[in-house]
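Trainee: Okay, handing you the structure first.
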Amino acid sequence: MTPIKKVIYKKNVTLKPIWLMRQAGRYLPEFRKIRKKNLNFIKLCLNPQKVKEITLQPIVRYNFDAAIIFSDILMVPYGLGQSIEFVKNFGPQLGSINLENIKNCRLEDFKKKLNPVYRSIYQVKKSNLIKNKDLIGFIGGPWTVLVYMLNRTSPKRRLKKILSDKPLIIDLLQYINKYLEAHIHYQIKNGADIIQIFDSWAGLVKEKNLEEFIYNPTKKIVKTTQTFKTPCICFPRNIKNYKDYVNFIKPNVINIDYNVNPESIVNNINIPVQGGMDPRILLSNKKKVEKFTNYYLSIFKNHPYIFNLGHGVLPQTSPSMIQYLLKLVRKFNERSSKN
């Protein structure tokens, strides 16, 4: 059994495996070299040879306990026919959506459009580099995908009053769920061992709308994932109440963000926990990195815990700082195994 599966299924509290969100990304010089020659981000995500290479770069360099497929949460809108362009120093720009086209989209056409993603997963899974490691597939949370599709850009740029048309939101969420579940199924079928749900904009939803916009759609997806005998990690960034979220949705693991107090999590949540540390800590110095790394490891010392961050690795992070982080986590594991 892999280190992460031991934490998820055996509730192992001695072992603290480590992988990082955006571990394959712009902070790595080997990734920047590829990206410089591949300016179209969507095309890069649809290039199985390059995706395999990028996904395995941090495994080669750091030997993390898991690989996460290099892709994007916006591949599902792309599969549904919405145009997407990633603009430098701005972020994603999506085209207008046609609800009728989405309703009439056939699963066969969706699968065909995203088939390079599934081929990439299949190829990575065959690599000896991830032997005894998990390959993580992922999706965006239904709400987060909906926000991007309707807002047509990141909500941190501008956010229209998308809540004004509630019937449209409810209708669209049903179709988004359908294709997110299909996307999960095809990822698992091709070798994904774990699915992570990135609900990056969960914090935008008011408490009165949580059940309808976040809880119910996400619970359905988590249940579907578990039906395939695959564990599901949920990352509802900036959610107001992690305990309520976990009790309602019942994921296998909850990934916490860096704004939440980890002490309140360890005292209130029984399932395995992942993440939490602010990625900006890695931009400081080794003394600070050691302090905060040990802080999270000590808090979750007697709780099933997968070390990760409270968001993705920042592009300006030094690769040497990631190496130092791994050294600290593995030293902690060595000490724990001897006790």
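Trainee: What residue, among those in segment 47-81 that are part of a loop (DSSP other than H, G, I, E, B) and of a type in the set (Asp, Glu), is nearest to Gln323 (Cα to Cα)? Give the derivation first.
Mentor: Filtering segment 47-81 for residues part of a loop (DSSP other than H, G, I, E, B) gives 47, 63-65, 69-74, 80-81.
Retained after the next criterion (residues that are of a type in the set (Asp, Glu)): 65, 72.
On the way: Asp65: 14, Asp72: 25 Å.
Among those residues, the one meeting the criterion is Asp65.
Trainee: Another question, if that's okay. Restricting the search to segment 281-309, which residues are over 23 Å from Pro29 (Cα atoms) and touching a residue at least 40 places away in the same chain (Cβ under 8 Å)?
Mentor: Leu297, Phe300, Lys301, Asn302, His303, Pro304, Tyr305, Ile306, Phe307
Trainee: Moving on. Hey, any hits in segment 247-265 for a residue that's modelled with pLDDT of 95 or more, touching a strand residue (DSSP E or B) at 6+ places or on another chain (Cβ under 6 Å), assigned to a helix (DSSP H, G or I) and under 20 Å from Tyr175 (Cα atoms)?
Mentor: Scanning segment 247-265, I find no residue that is modelled with pLDDT of 95 or more, touching a strand residue (DSSP E or B) at 6+ places or on another chain (Cβ under 6 Å), assigned to a helix (DSSP H, G or I) and under 20 Å from Tyr175 (Cα atoms), so the answer is no.
Trainee: In the list Lys50, Lys88, which residue meets the criterion of being of a type in the set (Lys, Arg), over 30 Å from Asn339 (Cα atoms) and at pLDDT 95 or above?
Mentor: Working: Lys88 fails: at pLDDT 95 or above.
Going through Lys50, Lys88 in turn, the sole match is Lys50.
Trainee: Among Ile254, Ile265, Ile271, Ile249, which is within 15 Å of Met21 (Cβ to Cβ) and touching a residue at least 12 places away in the same chain (Cβ under 8 Å)?
Mentor: Values: Ile265 fails: within 15 Å of Met21 (Cβ to Cβ); Ile271 fails: within 15 Å of Met21 (Cβ to Cβ); Ile249 fails: within 15 Å of Met21 (Cβ to Cβ).
Being within 15 Å of Met21 (Cβ to Cβ) and touching a residue at least 12 places away in the same chain (Cβ under 8 Å) holds for just one of Ile254, Ile265, Ile271, Ile249, which is Ile254.
Trainee: Here's a follow-up. Quick check: is even one residue across segment 99-114 modelled with pLDDT of 95 or more and touching an Asp or Glu at 6+ places or on another chain (Cβ under 8 Å)?
Mentor: No.
Trainee: Considering only residues that are in a loop (DSSP other than H, G, I, E, B) and not polar (S, T, N, Q), look in segment 228-246 and name the one that is farthest from Gly275 (Cα to Cα). Step through it out loud before you land on a result.
Mentor: Narrowing segment 228-246 to residues in a loop (DSSP other than H, G, I, E, B): 228-231, 237-241.
Still in the running and not polar (S, T, N, Q): 228-229, 231, 237, 239-240.
Working: Phe228: 25, Lys229: 23, Pro231: 16, Arg237: 11, Ile239: 14, Lys240: 17 Å.
The extreme case among them is Phe228.
Trainee: Only one of Leu163, Leu172, Leu168 is closer than 24 Å to Ile102 by Cβ, modelled with pLDDT under 95 and buried (at least 18 other Cβ atoms within 10 Å of the Cβ); which? So that I can check it myself, show each step before the final result.
Mentor: Details: Leu163 fails: buried (at least 18 other Cβ atoms within 10 Å of the Cβ); Leu168 fails: buried (at least 18 other Cβ atoms within 10 Å of the Cβ).
From the options Leu163, Leu172, Leu168, the qualifying one is Leu172.
Trainee: Still on this structure, please answer the following. Would you point out the residue of segment 111-142, among those that are aliphatic (A, V, I, L, M) and closer than 27 Å to Lys6 by Cβ, that is surrounded by the fewest Cβ atoms within 10 Å (Cβ to Cβ)?
Mentor: So in segment 111-142, the residues aliphatic (A, V, I, L, M) come out as 114, 117, 121, 124, 129-130, 135-136, 139.
Then keep just the ones that are closer than 27 Å to Lys6 by Cβ; that gives 121, 124, 129-130, 135-136, 139.
Values: Ile121: 26, Val124: 26, Leu129: 14, Ile130: 21, Leu135: 22, Ile136: 22, Ile139: 26.
Filtering first and then ranking leaves Leu129.
Trainee: If I filter segment 34-86 down to residues being in contact with a helix residue (DSSP H, G or I) (Cβ under 7 Å, 6 or more places away or on another chain) and of a type in the set (Phe, Trp, Tyr), which single residue comes out as surrounded by the fewest Cβ atoms within 10 Å (Cβ to Cβ)?
Mentor: For segment 34-86, the residue satisfying everything is Phe86.
Trainee: Scan Lys243, Lys189, Lys206 and give me the residue that is of a type in the set (Lys, Arg), over 22 Å from Ile97 (Cβ atoms) and at pLDDT below 95. Walk me through it before giving the result.
Mentor: Numbers: Lys243 fails: at pLDDT below 95; Lys189 fails: at pLDDT below 95.
Going through Lys243, Lys189, Lys206 in turn, just one is of a type in the set (Lys, Arg), over 22 Å from Ile97 (Cβ atoms) and at pLDDT below 95: Lys206.
Trainee: On to the next question. Here are Phe228, Phe198: which of them is free of Cβ contacts under 8 Å to residues at least 60 places away in the same chain, under 22 Å from Ser71 (Cα atoms) and of a type in the set (Phe, Trp, Tyr)?
Mentor: Details: Phe198 fails: free of Cβ contacts under 8 Å to residues at least 60 places away in the same chain.
Checking each option against the conditions leaves just Phe228.
Trainee: Quick test for you: out of Ile170, Ile102, Ile69, pick the one residue that is over 21 Å from Arg35 (Cα atoms) and in contact (Cβ under 8 Å) with a residue 60 or more places away in the chain. It would help to see each step written out before you state the result.
Mentor: On the way: Ile170 fails: in contact (Cβ under 8 Å) with a residue 60 or more places away in the chain; Ile69 fails: over 21 Å from Arg35 (Cα atoms).
Just a single option satisfies the conditions, and that option is Ile102.
Trainee: Taking the stated definitions as given, is Lys206 surrounded by fewer than 19 Cβ atoms within 10 Å (Cβ to Cβ) and either under 17 Å from the mean Cα position of the chain (by Cα) or free of Cβ contacts under 8 Å to residues at least 12 places away in the same chain (or both)?
Mentor: Working: surrounded by fewer than 19 Cβ atoms within 10 Å (Cβ to Cβ): yes; either under 17 Å from the mean Cα position of the chain (by Cα) or free of Cβ contacts under 8 Å to residues at least 12 places away in the same chain (or both): yes.
So Lys206 fits the description; yes.
The values are calculated or read from the model by the stated rules, or taken from the named source; none is laboratory data. Computed from a predicted model, the values in this text were never measured in an experiment. FYI the Cβ positions are ideal-geometry reconstructions off the backbone, even for glycines, and counts take in every protein chain you see.
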